[in-house]
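For reference, the structure discussed in these notes is given below.
The values are calculated or read from the model by the stated rules, or taken from the named source; none is laboratory data. Computed from a prediction, not measured in an experiment: that's the story for all the values here. We place every Cβ from the backbone using ideal geometry, glycine too, and count neighbours over all the protein chains shown. The accessibility values were calculated without ligands, DNA or RNA, using every heavy atom of the protein model including side chains. Shrake-Rupley method; radii C 1.70, N 1.55, O 1.52, S 1.80 Å.
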Amino acid sequence: MQIREYVIRRLLILPLILIGTSLIVFTLGRVGGNPIAIYLEHEMTPEEVAQLEDRYGLNDSLPEQYVAWLGGVLRGDLGFSGVSAAPVMDVLPRRLAATLELSIAAAIVAISMGIGLGTFAGARRDRLPDHLTRVFAISGAATPIFWFAIVMLIIFWVYLGWFPVGRSDATIFASIPHPTGVYTIDAVLAGSWTAFRDAIWHLVLPAVTLGYGATAIITRMMRSSLAEELNEDYVDAARAKGLPERLVLRRHARRNALIPTVTVIGLGFGFLLQGSVVVEIIFIWPGLGRWMADAVLRGDQATIMAYVLFTSILFLIVNLIVDILYAYLDRRVVLGG
Amino acid sequence: MVDTAAPREPLTRTESGPLAVRLRRAGELTREVLRNPTTLMGLIVIVTLISLAFLAPLLTEPNRPDAYQMPRDWGATNAPPGTPGHLLGTTSTGGDVLYGVLWGARTSLRMSLIVVGVTMTVGTIMGSIAGFIGGKVDEFIMRIVDVLLAIPELIFALAIAAVLGPSFANIIFALSVVFWVKYARIIRGQIIHVKHNEYVDSARVIGDSKLNIYRKDVLPNSVTPVVVQATLDMGNIVLVGATLSFIGLAEAGLAEWGVLVSEGQAGISSGRWWASTFPGAMVFLWALAFNLLGDGLRDVLDPRTGGR
């Protein structure tokens with residue numbers, strides 16, 4: 001019940017948060033010097049600069065500028081990306097596809113590894129595997145992902161030579177059409193085994209690297225909630241009726257332990273989103289994160305604003321879905337209990 | 001007040017009472033915290049790293065005029081670890097990795113202490129205002145908190161530091177803007193919790209002023225979660241700060257771990273692993289140690305939310 005009220009409350013304040021976020025993003029775009037600096041060139045005359053300023057409404061009052069900017073955002077106009085030399089909205093979908101591909105692969109790694117390891121440790125409480133898992137889970141949250149990525153590169157790319165960097169082999173990539181922008185899906189659609197293998201081969205190392213932090217979070221949560229479930233009466237009942245331990249774990253305890261674990265998926269998603277900036281820099285992955293990093297270094301405010309706005313909204317939506325999902329699962333537990 | 005009244009006090013009231021009682025309680029807590037081997041390990045690593053930060057000027061010759069700039073030895077670029085005079089090797093521009101590792105500890109200590117100090121103060125003030133005044137003011141401050149929490153930490157700090165321009169001071173500023181929110185939440189929650197507790201009512205009945213209640217009853221009770229959060233933040237701030245400087249938001253050549261990892265990155269394809277690996281490992285150790293200590297403190301000080 002409490003969770004339900006919480007979700008309703010969250011939905012009610014959502015518009016407020018969205019407006020607040022847009023205000024922050026707008027402020028970011030105005031405190032950092034001239035917002036059109038990246039469009040200016042040396043040979044421009046003062047008149048041309050004034051013209052540009054006029055065109056972007058820099059002579060209007062700040063509230064007017066905010067309204068004009070927000071109106072543009074709502075119409076899908078996020079400005080012109082200096083680093084990509086194209087409108088933000090033209091670049092965003094392509095970049096997003098690359099990041100989504102990487103993040104989903106990382107999420108698959110994190111969820112499967114996290115639930116597996118968490119179950120393994122939770123079922124062996126206070127024994128060696130449990131202690132090792134605990135150390136792994138804590139160190140996961142403390143590992144600087146930029147360092148972990150470099151160590152992975154040194155081992156698997158420089159010394160072992162097992163995996164490449166970048167997103168694809170240029171010739172293979174060019175050999176198939178890209179209707180979705182997600183390389184693996186495009187390869188399947190084109191029916192090209194070579195391209196598919198190329199996509200997966202490039203995906204493994206960055207996905208494992210990016211998924212590492214989230215794996216640790218999920219492992220930790222899964223472990224503690226499973227250990228808690230195993231103390232419940234229904235587990236004793238299942239054991240008493242002669243169910244093998246393996247099935248007690250799989251059919252009963254693990255299912256219920258998954259419910260609280262859902263709550264950390266939002267947290268894990270935040271990890272993926274933030275980690276993608278660094279992982280994409282190091283693995284030369286042409287996604288949103290790398291785009292943001294380029295924009296940051298060149299002071300490209302339109303791209304920075306678009307990125308922050310977009311990722312914040314994405315983050316909000318994911319967390320909202322997680323809350324609703326949890327409320328739903330929670331209700332099922334009450335009804336089915 | 002005589003000592004016989006002590007047992008009737010709620011258990012959470014740990015920080016008040018006669019000095020001897022407080023000291024004894026602190027001693028008990030310390031022993032309890034140190035009983036956990038992982039917490040103890042965290043503490044040992046922290047002490048070691050902070051000692052390195054303090055001893056840096058004795059262990060390496062400070063660079064002139066600015067000791068926080070990496071010295072360059074152009075006669076020994078890309079030297080592997082073990083080279084005389086460059087124990088951990090050098091970067092492609094002759095930066096001594098050991099120097100960066102040691103002075104980076106100083107930079108990190110400075111960064112985390114400043115940011116924790118600022119965010120704890122700002123968060124405590126904002127949280128106190130929200131919790132005590134309540135009503136519209138509380139609503140307003142908490143909505144700001146909600147908005148700030150809606151943007152992922154690293155991305156928000158990255159954006160702030162980016163629009164302000166690349167400098168270490170701007171990184172510190174950006175981290176301060178991002179990290180105060182949790183303290184405000186903690187303090188506000190504690191105040192509302194404590195406000196409804198019986199003993200505050202009794203204090204009010206006796207006729208204590210509001211400020212006195214705050215000072216004697218609310219603040220001491222809020223110390224525990226704040227200390228835990230500050231410990232965790234000491235680690236996380238360095239983690240996020242080093243990430244920002246790795247991306248390129250600190251001054252080039254600064255003796256800072258993230259900058260050094262970034263400088264060493266170019267060499268890894270040629271097998272020069274040391275310039276990135278050592279400073280990165282320092283960030284890991286730093287963050288890990290404070291996380292272990294923070295976790296251990298939480299388990300002991302606040303058993304309800306203990307992770308085990």
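Using C-alpha pairs below 8 Å separated by at least 6 residues, the relative contact order for segment A:94-335 is 29 percent.
Surface burial for A against B, with a 1.4 Å probe and both sides summed, reaches about 4000 Å² of accessible area.
In segment A:93-172, taking the dipole from charged Cβ atoms about the Cα centre, the farthest positive-side position among A:165, A:138, A:153 is held by A:138.
Here segment A:24-121 is treated as a sphere whose radius is the Kirkwood value from Cα pairs; by Stokes-Einstein at 4 °C and 1.567 mPa s it diffuses with a coefficient of 77 µm²/s. Rounded, prolate or oblate: pick one for segment A:78-132, where a ≥ b ≥ c are the square roots of the eigenvalues of its C-alpha gyration tensor, a/c under 1.5 means rounded, and failing that, prolate if a/b is larger than b/c, else oblate. Cα axes put segment A:78-132 in the prolate bin.
Exposure here means at most 10 other Cβ atoms within 10 Å; with GluC sites (Glu not before Pro) in a DSSP loop as sites, the longest stretch of chain A lacking them is A:44-337. Taking other residues whose beta carbon is less than 13 angstrom from the beta carbon of residue A:186, and scoring Lys, Arg as +1 and Asp, Glu as -1, yields 0. Per residue, segment A:94-335 exposes 44 Å² of accessible surface when a 1.4 Å probe is rolled over the protein heavy atoms with every protein chain present. Here the protein assembly as shown has 64 percent of its accessible surface on carbon and sulfur atoms, given a 1.4 Å probe and all protein chains in place.
Helix B:168-179 axis versus longest C-alpha principal axis of chain B: approximately 30°, rounded to the nearest ten.
With respect to chain A, whose longest principal axis is taken over its alpha-carbon atoms, helix A:288-298 is tilted by about 40°.
Placing unit charges on each Cβ (+1 for Lys and Arg, -1 for Asp and Glu) gives segment B:88-301 a dipole about its Cα centre, and among B:213, B:145, B:245 the Cα reaching farthest toward its positive end belongs to B:213.
When a/c is below 1.5 the answer is rounded, else prolate if a/b is larger than b/c, else oblate, so apply that to segment B:88-301 with a ≥ b ≥ c taken from the square roots of the Cα gyration tensor eigenvalues. Prolate shape, in that a/c is at least 1.5 and a/b is the bigger ratio. Packing around the peptides B:48-58, B:172-182, taken as the average count of other Cβ atoms within 10 Å per residue, puts them in this order, highest first: B:172-182, B:48-58.
Can you tell me the orientation of helix A:193-229 relative to chain A, as the angle in degrees between its alpha-carbon axis and the longest Cα principal axis, to the nearest 10? The angle comes out near 50 degrees.
Around residue B:82, what is the net charge, scoring Lys/Arg as +1 and Asp/Glu as -1 over all other residues with Cβ under 14 Å from its Cβ?
Net local charge, residue B:82 excluded: 0.
Using only Cα atoms, locate the centre of segment A:175-250 and the centre of segment B:233-282, then give the distance between them in Å, rounded to an integer. Segment A:175-250 and segment B:233-282 have Cα centres spaced 31 Å from each other. Put a plus charge on the Cβ of each Lys and Arg, a minus charge on the Cβ of each Asp and Glu, and nothing anywhere else: the dipole of the protein assembly as shown about its Cα centre is then about 2320 debye.
If you take the square roots of the eigenvalues of the alpha-carbon gyration tensor of segment B:142-268 and sort them as a ≥ b ≥ c, do you get rounded (a/c under 1.5), prolate (a/b over b/c) or oblate?
Taking the square roots of the gyration eigenvalues as a ≥ b ≥ c, segment B:142-268 is prolate.
Out of segment A:126-213, which trypsin sites (Lys or Arg not before Pro) are coil in DSSP terms and have no more than 14 other C-beta atoms within 10 Å? Listed in order of number, the matching sites are A:127.
Give the average, rounded to an integer, of partner chain Cβ atoms located within 10 angstrom of each Cβ in B:243-250. If you can, show how the numbers build up before the last one.
Details: counts 8, 1, 1, 9, 9, 4, 3, 0.
Mean shielding by partner chains, rounded to a whole number: 4.
Within 10 Å of the Cβ of each residue in B:144-151, the mean number of Cβ atoms contributed by other protein chains is 6. Please name which of A:113, A:176, A:265 has its Cα lying farthest along the dipole of segment A:94-335 towards the positive end, using unit charges on Cβ (Lys, Arg +1; Asp, Glu -1) and the Cα centre as origin. After comparing all options, I get A:113. Taken over the protein assembly as shown, the convex hull of the Cα atoms encloses 218 Å³ per residue.
Looking at chain B, the accessible area is 45 square angstrom per residue; that uses a 1.4 Å probe and ignores ligands, DNA and RNA.
Counting Cβ atoms of other protein chains within 10 Å of each residue's Cβ and taking the mean over peptide A:146-156 gives 6.
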